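Scroll down for the structure; my scribbles are underneath it.
Nothing in this text is a laboratory measurement; each read-out follows from the coordinates by a stated rule. Computed from a predicted model, the values in this text were never measured in an experiment. We place every Cβ from the backbone using ideal geometry, glycine too, and count neighbours over all the protein chains shown.
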Amino acid sequence: MRHPLDGHRHKIELREIRIPEHLVAVHEGRADLFEVSFRTHLAFRNAVHRFAIYFKREFGYDFIQYDPQEFDVHSKDVAYLWMDQSNSYPKGLPIGAVSFRWREWTNHEPTFALQWIWLHPYERCKGHVRAAWPFFQKQHGDFVVEPPLSPAMKAFLKKVDPDKLKPYEMETSGHD
């Protein structure tokens, strides 16, 4: 069976997603997660976009689930970049991203929804998501994890947060 990334292995190189050194220096000393909103410098938004492209390719989706040019001053939507803290890569190199969107439902209280997570294949299964999960819960409350879920995400949720595996029964009201 062909791996979904076989045709794109040459394009999944972390060095493509370099954040300018002077911007990284401003954020040194922070945890490995860097918050990205519409107000964040375009270099960081472009990095999230690159990971959204990788996510689309790996899972065969029809569209990219993040637009770095999306600008809404009232938006609560936020993404996070995982920044390498291991010194395995050049300074300031993002290794993955996650995206949360604010959703207004017709049959449920408004809440955040985790849309997607993508980590470089070399960085998977190293505890990045597990370590960040309490932070995500604190920042975004009782968020929904939007399907479809990969087998890896299902296994993760089964261990860490089984309630998130409940069926996706809410309907959006059309204005995210």
Practice problem: Please give the contour-minus-distance gain from Gln65 to Leu149: 0.36 nm per residue of separation, less the Cα-Cα distance, rounded to one decimal in nm. | Solution: 28.8 nm
Practice problem: Quick one: of Lys76/Lys126; Lys126/Lys159; Lys126/Lys166; Lys56/Lys154; Lys138/Lys164; Lys56/Lys159, which pairs are farther than 20 Å apart, Cα to Cα? | Solution: Lys76/Lys126; Lys126/Lys166; Lys56/Lys159
Quiz item: Among Asp77, Asp62, which comes first, then next, by fewest other beta-carbon atoms within 10 Å?
Solution: Asp62, Asp77
Exercise. Evaluate the distance, in nm, between pseudo-label points positioned 7 Å from the Cα of Gln137 and of Glu104 along their respective Cα→Cβ axes.
Key: 2.9 nm
Quiz prompt | Two-site FRET efficiency, Asp161 against Phe38, from Cβ-Cβ distance with R₀ of 30 Å, rounded to 0.05 | solution = 0.60
Quiz item: Spin-label point model (7 Å from Cα, Cβ direction): what's the Thr111 to Glu58 distance in nm?
Solution: 2.5 nm
Quiz item: Which of the peptides 98-108, 41-51, 143-153 is most tightly packed, and how do the rest follow, going by the mean number of other Cβ atoms within 10 Å of each residue?
Solution: 41-51, 98-108, 143-153
